[in-house]
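The values are calculated or read from the model by the stated rules, or taken from the named source; none is laboratory data. Not measured: the values here are computed from a predicted model. Cβ sites come from the backbone with ideal geometry, for glycine too, and all protein chains shown count toward neighbours. For accessibility, only protein heavy atoms count, side chains too; no ligands or nucleic acids. Shrake-Rupley method; radii C 1.70, N 1.55, O 1.52, S 1.80 Å.
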Amino acid sequence: MEKTIAGFTVSVNEEGYLTDMNQWNVDIAKELAKETDIELSPRHFEVLDYLRNQQKNDAALTIRGVGKSGVVDIKEFYALFPKGPLKISSKYAGIPKPKSCI
């Protein structure tokens, strides 16, 4: 289905995740974050860039893997993206929800 986010028409699935990561941009990420009362900082975008690069490389994403990435530790990951850090950050990054997320 299509949805307009930050003035851009994008394709999303039933959970609101972009189905084409090439449609993503910074404005879309910021708008998605506003829906959950998070204001994205440069630190957030470091994590989102890491997730996008991992997705491009077809790497399986897990909270533990992100915590061992050297980009962010698990405690900070939860602080940046409370209430399900991998699930939420993946949505903001414009990538599919990882299989490890319920």
What residue, of S100, S90, S11, is within 12 Å of the chain's Cα centre (by Cα) and among the hydroxyl-bearing types (S, T, Y)? S90
Residue list for the stretch 44-57, filter: more than 13 Å from the chain's Cα centre (by Cα) and either surrounded by 18 or more Cβ atoms within 10 Å (Cβ to Cβ) or not in a loop (DSSP other than H, G, I, E, B) (or both): K56
Looking only at the stretch 77-102, which residues are aliphatic (A, V, I, L, M), touching a residue at least 40 places away in the same chain (Cβ under 8 Å) and either within 16 Å of K56 (Cβ to Cβ) or open to solvent by less than 20 Å² (accessible area, probe 1.4 Å) (or both)? A93, I95
Based on what the data block shows, is A60 in a helix (DSSP H, G or I) and open to solvent by 60 Å² or more (accessible area, probe 1.4 Å)? no
Selection count where residues are in contact with a strand residue (DSSP E or B) (Cβ under 9 Å, 6 or more places away or on another chain), open to solvent by less than 70 Å² (accessible area, probe 1.4 Å) and part of a helix (DSSP H, G or I), scope the stretch 1-30: 2
Could you list, in sequence order, the residues of the stretch 26-55 that are farther than 16 Å from F81 by Cα and without any contact (Cβ under 8 Å) to a residue 24 or more places away in the chain? V26, D27, N53, Q54
